[in-house]
1. If you average 1/r across every pair of different Cα atoms in the range 80-133 and take the reciprocal, what Kirkwood value do you get, in Å?
2. Using a 7 Å offset from the Cα along the Cα-to-Cβ direction at both Lys107 and Ser143, what is the distance between the two label points in nm, to one decimal?
3. When we measure straight from the Cα of Lys450, which lysines land under 22 angstrom away, once same-chain ones fewer than 8 places off are left out?
4. Please work out the FRET efficiency for the pair Lys300 and Met99, using the Cβ-Cβ distance as r and a Förster radius of 56 Å; give the result to the nearest 0.05.
5. How are the alpha carbon pair distances in the range 258-371 distributed across 5 Å bins from zero to the largest one, expressed in percent?
6. If R₀ is 51 angstrom, what is the calculated FRET efficiency for the pair Thr533 and Glu385, using the beta carbon separation as r and rounding to 0.05?
7. At what distance in nm do the modelled label points of His440 and Gln453 sit from each other, each positioned 7 Å from its Cα along Cα→Cβ?
8. By how many nm would the segment from Ser210 to Asn333 lengthen if fully extended, with 0.36 nm per residue of separation less the alpha-carbon distance?
Amino acid sequence: MYILLVLKSINLIAIFIHIDKKMEAKDTFLYGIDLLTSGMALAIAKGETSGILGPTAKEQVQKSAQAVADIIAKGAIVYGINTGFGPLCTTKISAAESMILQTNILKSHAVGVGNPIDPMIAKLMLILKMQSLAQGYSGIALSTLERIQWFIENQAIPEVPEQGSVGASGDLAPLAHLFLPLIGAGHIHYQGQRMTGAHFCEKTGLNPLSLGPKEGLALINGTQFIAAHAVMVVHAFHNCLVHADLIGALMVEALQGSIKPFHPKLHQLRPFKGVVHVAHKMNALLQDSPIMKDHEACEKVQDPYSLRCIPQVHGASRNAWLHLKELVEIELNAVTDNPVIINQELSISGGNFHGQPLAMALDYACLALSELGSIADRRVYLALEGLSPGVPKLLMKETGINSGYMMLQYTTAALASENKGLCFPASADSIPTSLGQEDHVSMGSIGGRKALQVAKNIEKIQAIELLTACQALSFRRPMPSGTLLESLYQRLREEVSFAAVDRIFSPDIAAALALIQSAALPKTLAETLKSGTFLYSSSHEDLFENY
C-alpha cells in the first residue's frame, strides 16, 4: 500500500509510511503464490494483513508430499528421505525408521544458545518458512503447514536462541528450536505466557505432530533466520536513512551551510541514484528557508564535508539499502531447503540453503549504516565548535559554569566507534562443520544480528544530532526555519525544551530517540506537505521509499 500525499502536481508525492506497493487495497496474502516483500512480511507479522493457504498452494503442497511417498515406494535412495543427514548421507534409513529420523533431527539440532530473539523476528521466521514450503518443492505435509499457519494466526511464537547458526546448511539450530513446539517440545510464548511445548499442546488441545519422511529436514533447512533478520534490517535501515536526511538538513540550516552542493545540475554529472535522491530531498527541505537566504552573500567559500557531502555519503548508503532490499525480496520468494523435490522423478540435493547471497549484502548494509552514524557524529561535533556565527560554543551562551552539549558528543563518538568494531564482515569468516561435509559456511546469521545492532546505535546517534541541530537552530530565532524544517523543529520542541543551562540530558535523548523510533518526524513532514506545493518527491521515489 502506498500512502501517498498527492499535492498540486503529479510530481508532488511524499511517501513516509513505507509499506510495499503490492499491498495496495489488499488485506490477504496467498502463501506460495503471491510475491512476498519485506513490507508484506512485516504487515503479516503485525496482523495488518492475513496470510492464507489458498487451494492452488494446497494442491502444490499435496503434490510434493505425494512425490516423496512415491519415491519411498519405489525404493529410490534420496538424501534426507531415506538416508541420514550431513556426514551420514551414505547411511540408508528404512521406511520404518524414517519417522523417527525426522523427529530426531529437530531434537538433535536444537543446540542454540544465548538470549531469545525478538518475538517479531521469530514470527517472521514462521511466515518466511510458510512462503517457502507452500511453493510445493519440499515434501511437507499439508497438515504440518496448516499447524504453522495456526501458530502465526494465533500469536503462538516459539522461543529461539540468538546464537548457534553458521548460515550454511540453512539456519539449522534456530529453525530446530522454532519447530520443536510442533512435536510438543521446546518452549513457546502464547497468550502472554512462556510455556513448554508439551504444556502448550495440553492448553490448546493440539496434538503433537508425527512428522513424515523429509518433513523434519524441510523444517530445519532454509535461511529463514538470516532472512527474518534481513527483513528487520531493511525496515530499520530505511528509518535511519529517512532521518539522516531530515536531521542533516536541520543541521545544514542551523549552521548556515550552503545549499549549492545539493543543486541538481551538480548531481546530473555523477548520477548515482541514491545520491540524486538525497540531493533532491536536501534541496527541497532547504529551499524556502529564511535562515539560508540570510547568509547567501556571506564570504564562506565551502562547508566541511559532513555538510557538503551529505548526498554522496547518505546516497551511498541509500544504494546499499537498495541492494539489500532487492536481494531480500528474491530470498523471501525462494525455496531454500534441501533436497528440492521437483517431481517424483527428479529430486536435487543442491545448495539453496547456503546463506552467502544475504550474508555479504548484510555486511555491506552494516557498513553503510555505520557511515550514517560516523558522518552524523561529525556534524554534532561541528555544531559544538562555535564556528558558525550566532551559534555559541557547546551550544550555550554561558559556558564555564555550564558544560553545554559537550558530553552528548562523547556518546555519539562511543556509539560510532562501537559500530566500527561491528563492521568486520561476518561473511569473511568460514569454519568447517559437519565433519567437513559443510566445509564453507556463510556466517550470515551473525551478520544479520550485527546489522540490527548497528541500526539501533544509529538511531541513538541521530537522536543526539536532532537535539543539537534544534538547539543550534534556537539561536537563529526569531528568524524561522523553512516551512518543512520548521515543522520538524516544532515537533521536537513539543517533547524537548531549549536548554539555557545545564540539566540532565538523558531524558532529552530518550525523548528524541522515541521520536525517531516511532517515525514521528516523517509523519509530521507528511502532514506539512499537504499544506502547500513542495517538490519533495524525487525521480527515484519508488526505488528508495517503498519496500
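1. For the range 80-133, inverting the mean 1/r across all distinct Cα pairs yields 13.5 Å.
2. With each label point 7 Å from Cα toward Cβ, the separation is 2.0 nm.
3. Cα-Cα hits under 22 Å: Lys123, Lys325, Lys420, Lys460.
4. Efficiency for this residue pair is about 0.15.
5. 2, 10, 15, 15, 12, 10, 8, 7, 6, 5, 4, 3, 2, 1, 1, 0
6. 0.85
7. 2.7
8. Result: 41.5 nm gained on full extension.
Each value in this text was obtained by applying a stated rule to the coordinates, not by laboratory testing. Predicted model only: the values in this text are computed from it and were never measured. FYI the Cβ positions are ideal-geometry reconstructions off the backbone, even for glycines, and counts take in every protein chain you see.
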